[in-house]
1. Is the chain rounded, prolate or oblate when judged by the Cα gyration tensor, a ≥ b ≥ c being the square roots of its eigenvalues, rounded requiring a/c under 1.5 and prolate requiring a/b larger than b/c?
2. Taking the Cβ of residue 113 as the centre, find all other residues whose Cβ is under 13 Å away and add up their charges (Lys, Arg: +1; Asp, Glu: -1).
3. Could you look at the chain and say what percent of its accessible area is carbon and sulfur, using a 1.4 Å probe and all protein chains?
4. Could you provide, to the nearest whole Å², the per residue accessible area of the chain with probe 1.4 Å?
5. For the stretch 1-75, state the average projected area of the convex hull of the C-alpha atoms over all orientations, rounded to one decimal in nm².
6. Which one, 56, 85, 73, projects farthest toward the positive side of the charge dipole computed for the stretch 1-100 from Cβ point charges (K/R +1, D/E -1)?
7. About its Cα centre, how strong a charge dipole does the chain have in debye, to the nearest 20, once Lys and Arg get +1 and Asp and Glu get -1 at the Cβ?
8. Given a cut-off of under 8 Å on Cα pairs at least six residues apart, what relative contact order in percent is computed for the chain?
Amino acid sequence: MKTWFITGISSGFGRLMTEKLLTTGDRVAGTLRDLSAADDLKAQYGDRLWLAALDLTHTGEIRPTADAAWAAMGHIDVVVSNAGYGLLGAAEEVTDEQVRHQINTNLIGSIQLVRAVLPHMREQGHGRILQVSSLGGQVTIPGSSLYHATKWGIEGFMETVAQEVAVFGIGCTIVEPGSARTGFRNRSARVGPRIPAYDASPSRRINDILDDTSLHSPGDPGKMVDAMIASVVEEPAPLRLTLGSDSYQHVTRALSTRLAQLQAQRDLACSTDCADRGNSPRFFQSDES
C-alpha cells in the first residue's frame with residue numbers, strides 16, 4: 001500500500017488516478033478547488049481519502065496544505081502535480097489577466113508545490129514526484145504559446161530538481177501525455193478573445209479544433225493513468241514518461257529537427273570561444289567535445 005498526494009482530483013487524470021488507487025487499497029491525499037466534487041469518493045472510501053480545498057493560484061496556501069497532508073497521512077510516498085489547464089489563442093489575443101492566471105496555475109503553482117513537499121521527502125528519505133506536463137512541453141503548436149511557456153518552464157524546473165534531489169532518495173518523472181479523452185478541450189481549456197486578423201494565422205487552427213465536436217483524441221486516459229502508476233516502482237525513476245502515439249511522434253519529430261539545427265551550427269558555436277578557452281566551469285558531469 002502506498003500513500004499518494006495528488007492535486008486536481010475533481011476530473012481528468014487526477015480523478016481517474018484517485019479512483020484507481022483507492023480501488024486497489026492505496027491511500028490518497030487529494031486537493032481540488034471544490035470539495036463537493038469528491039463527495040462520492042469520500043463517502044465510499046472514508047479515511048483512506050483525505051481532502052483539502054486548494055487553488056494553486058493562491059500560492060500562500062500551498063505549503064500549509066502540503067504540511068497538513070503529511071500530518072494527516074503520516075508519510076506520503078508519491079506526489080502527483082497534476083492540477084492545471086490550457087490557455088489557447090494567439091499570444092496577442094489572450095488577455096493580461098489570462099496570461100497571469102495561466103502562469104500562476106501551471107508554472108508558479110507547480111513550482112511552489114514541489115518546493116513545499118521536498119522538505120518532507122528529504123526527512124523521510126524517499127519519495128517520487130510525478131509532474132504532469134504534456135507533449136506541449138517538448139513541441140509547440142501555434143495558438144498555444146502561453147500554455148507552452150508554462151509546460152516548457154515546468155519541464156526545465158523538474159529536470160533540474162531531479163538532479164538536485166536524487167541524493168536524498170527522491171525520484172522525479174515528467175509525464176508527457178498526448179491528446180487524451182479527458183474532456184480537456186471542452187471543459188478545462190480557456191480561450192482568448194479572437195482578433196479577426198488572426199483568421200489568416202495558423203494559430204486559428206487551434207480554435208477550429210476546439211469548435212469541431214466530431215474530433216476524438218487518440219489517447220486512452222485510463223491506460224495513461226495505469227502507466228503513470230506503474231512508473232513509480234521503476235528504479236531509477238524515468239525522467240520522462242511519453243504517453244500516446246501522437247506524443248511519441250510529435251516529440252520525436254521536434255527533437256530530431258532541433259538536433260539537426262544544432263549540429264548545423266557546430267562550427268559557428270565553437271568559433272565563438274576565447275582563443276585559450278581557459279579553465280571553464282564544469283557544470284555538467286559528461287565530457288565536452
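1. Working: a/c = 1.83, a/b = 1.18, b/c = 1.55.
Oblate is the answer for the chain, as a/c is 1.5 or above yet b/c matches or exceeds a/b.
2. Neighbour charge sum, excluding residue 113 itself: -1.
3. 54
4. Numbers: 14940 Å² over 289 residues.
Heavy-atom SASA per residue in the chain reads 52 Å².
5. Details: hull surface 18.2 nm².
Reported value for the Cα convex hull: 4.5 nm².
6. 73
7. Here the size comes out at about 240 debye.
8. Details: 466 pairs, mean separation 53.0, N = 289.
Once divided by the residue count of the chain, the mean separation gives 18 percent.
The values are calculated or read from the model by the stated rules, or taken from the named source; none is laboratory data. For clarity, every value in this text was computed on a predicted model and none was experimentally measured. Quick reminder, even Gly has a Cβ in these numbers, built from the backbone with ideal geometry, and neighbours come from all protein chains shown. Keep in mind that these areas ignore ligands, DNA and RNA; they rest on the heavy atoms of the full protein, side chains included. Shrake-Rupley method; radii C 1.70, N 1.55, O 1.52, S 1.80 Å.
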